[in-house]
1. In the range 211-225, is there at least one residue being surrounded by 24 or more Cβ atoms within 10 Å (Cβ to Cβ) and within 25 Å of Y42 (Cβ to Cβ)?
2. Residue by residue through the range 79-119, note down the ones that are among the polar types (S, T, N, Q), at pLDDT 95 or above and more than 22 Å from M56 (Cβ to Cβ).
3. Does the range 105-128 hold any residues that are hydrophobic (A, V, I, L, M, F, W, C) and either open to solvent by 20 Å² or more (accessible area, probe 1.4 Å) or within 30 Å of F27 (Cβ to Cβ) (or both), and which are they?
4. Just need a number here: residues in the range 176-196 that are among the aliphatic types (A, V, I, L, M) and surrounded by fewer than 23 Cβ atoms within 10 Å (Cβ to Cβ).
5. Of everything in the range 228-240 that's over 12 Å from A286 (Cα atoms) and of a type outside the set (D, E, K, R), which residue is most open to solvent (accessible area, probe 1.4 Å)?
6. Which is aliphatic (A, V, I, L, M), under 17 Å from G65 (Cα atoms), surrounded by fewer than 23 Cβ atoms within 10 Å (Cβ to Cβ) and in contact (Cβ under 8 Å) with a residue 60 or more places away in the chain, of V151, V131?
7. For the range 260-286, which residues satisfy the criterion of being without any contact (Cβ under 8 Å) to a residue 40 or more places away in the chain and either closer than 28 Å to T24 by Cβ or basic (K, R) (or both)?
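The values are calculated or read from the model by the stated rules, or taken from the named source; none is laboratory data. None of the values given here were measured: they were computed from a predicted structure. Reconstructed Cβ throughout: ideal geometry from the backbone, glycine too, with neighbour counts over all protein chains shown. Areas reflect the complete protein model, heavy atoms only, side chains present, ligands, DNA and RNA absent. Shrake-Rupley method; radii C 1.70, N 1.55, O 1.52, S 1.80 Å.
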Amino acid sequence: MAAVTTSGLVIVLGGINMDLVAITPRFPAAGETVVGDRFLTYPGGKGANQAVASAMMGADTLMVGRVGDDQFGPELMAALRSKGVNVAGVGIVPDVSSGIAVIAIDGSAQNSIIQILGANNACDYEEVEYVSEYLDRASTLMLQLETPIGVSLEAAREARARGKTVILDPGPVRPIPQDFYHCCNVITPNETEAQALVGFPVTDRESAARAAQTLLDRGVELAVVTLGAQGAVYATVRMSGYVAPFPVTAVDSVAAGDAFNGALAAALARGEEAGQAVRIASAAGALAVTKSGAQSSMPSEAEVAALLQSQTGA
């Protein structure tokens, strides 16, 4: 295993995908063919994107996951390395495709995604053991739901037992065992994911605040509900708050949530309090929508700082 330098190390256990992207004026109706404008291929995956976002924000970041032995695997690993992410924890699965995401982006910069898990679904307790090996040198474990949920839950249990900050981005949407909430310090659903978790519509600040409180009641310490262009709501047992959206011109919204989560992990790892960490994460998410692509749209620490400084009260 490669050596890992650690100072507030952020470990990301999650999905690594190749994104196949169609730019189209509008989404087709069922059975309809729409002529699109452009086709793009770029590295993605929620875990990989968040690892890149964390590294771009200055955090020492280790990626744990798997790619296939297809043509995409080496490209995906090279892309992570190029952004400063340590890929010592990324394995290669023979005779299995890498994870694939087929993404359509319409004229209003909204996206729809079909995901093929591929090698991501082959993650098992070998990944838990790798995470465990580096936990003593880490401050934070970032998780999503693109890898088997039992693997993520076991890694979360181990990290929480050893006093580390565990952050769960509960996407793509799937049922979460009650135990998972107790193993997570932080949960960060968007409005769609929050609605699936809490069982009532989450459409605005008020309903997001209700959802955050519900998630706190289930055992997390910090609940952050992102609302896209409506900003973000956060709550702990002692405080709650709201971060207004940053005024930017959207190009595409792919990976904006990953920029948010990676930046949040980096901010919490360096000791920022909850409200400021959410503000930093919101700025990173806003900047991500101003560029095309996934990992290529992750902003630098300097870009985020400049946006924060440009806003009143930053």
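1. No, the range 211-225 contains no residue that is surrounded by 24 or more Cβ atoms within 10 Å (Cβ to Cβ) and within 25 Å of Y42 (Cβ to Cβ).
2. Those that are among the polar types (S, T, N, Q), at pLDDT 95 or above and more than 22 Å from M56 (Cβ to Cβ): S97, S98.
3. The answer is I105, A109, I113, I114, I116, L117, A119, A122.
4. Of the residues in the range 176-196, 2 are among the aliphatic types (A, V, I, L, M) and surrounded by fewer than 23 Cβ atoms within 10 Å (Cβ to Cβ).
5. V237
6. Just one listed residue meets the conditions, V151.
7. Passing the criteria: only R279.
Matching residues to (1) in contact with a Leu (Cβ under 8 Å, 6 or more places away or on another chain); (2) at pLDDT 95 or above; (3) of a type in the set (A, V, I, L, M, F, W, C):
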| position | (1), (2), (3) |
| --- | --- |
| L143 | yes, yes, yes |
| L153 | no, yes, yes |
| R157 | no, yes, no |
| R160 | no, yes, no |
| L168 | yes, yes, yes |
